[in-house]
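First comes the structure, then the notes that go with it.
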Amino acid sequence: MALELDSLSKSVEVMRRSLQVVEVNESRADDDMLYTLRSGVIQNFEVAYEQCWKMMKRWLDNNLGSAYVDGVTRRELFRLAAEHQLIENVDRWMDYHYTRNETSHTYDGESANVVYDSAKTFLQDAEKFLSRIRSRND
């Protein structure tokens, strides 16, 4: 059964667009505007990351069976996704997981910059994941 990919696709697209807005306005925005724009990127990163890992779990559940994915750790989930060529780098996805958790617990200028930088890398991996899951969504 094919998975509904609209929410994943939209979240990745919104994140891509929010990063473009920051890039276009970075040189001319004042500090408050730049902080607000980057905050939007961080929020979009949170949503896109959540959509990605949940879709990984759904795909694995549909294609391997719930016995393989129920109750597994996030690292194990990412390992299974890598084994099935949905993602390339388990450690990088674990870094995204830690970064996402960081946004829930601390939010200051320094951590916001770390999350923002991670979001830029995440976008590339999220787009690859989306492309791969689309091609294998039957």
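The values are calculated or read from the model by the stated rules, or taken from the named source; none is laboratory data. All figures in this text were calculated on a predicted structure; none of them were measured in a lab. Here the Cβ is made from the backbone with ideal geometry for all residues, glycine too, and neighbour counts use every protein chain on show.
Quick notes on this one:
- Among residues of the stretch 54-74 that are under 19 Å from Arg100 (Cα atoms), none has a Cβ under 6 angstrom from a residue that is at pLDDT 95 or above and among the polar types (S, T, N, Q) at a sequence gap of 6+ or on a separate chain.
- Within the stretch 86-104, the set of residues being over 12 Å from Asp125 (Cα atoms) and among the polar types (S, T, N, Q) comprises Thr99, Asn101, Thr103, Ser104.
- Residue check: Leu80 meets all listed conditions (1) of a type outside the set (D, E, K, R); (2) part of a helix (DSSP H, G or I); (3) within 14 Å of the chain's Cα centre (by Cα); (4) modelled with pLDDT of 95 or more but one, namely (3).
- Single residue of Ala29, Ala48 found to be at negative phi, outside any helix (DSSP H, G or I), out of contact with any strand residue (DSSP E or B) (no Cβ under 7 Å at 6 or more places or on another chain) and small (Gly, Ala, Ser): Ala29
- Matching residues in the stretch 28-59 - criterion: being surrounded by fewer than 21 Cβ atoms within 10 Å (Cβ to Cβ), more than 30 Å from Leu3 (Cβ to Cβ) and of a type outside the set (S, T, N, Q): Arg28, Ala29, Asp30, Asp31, Asp32, Met33, Leu34, Tyr35, Leu37
- Among residues of the stretch 104-113 being closer than 20 Å to Asp32 by Cβ and assigned to a helix (DSSP H, G or I), the one that is modelled with the lowest pLDDT is Gly109.
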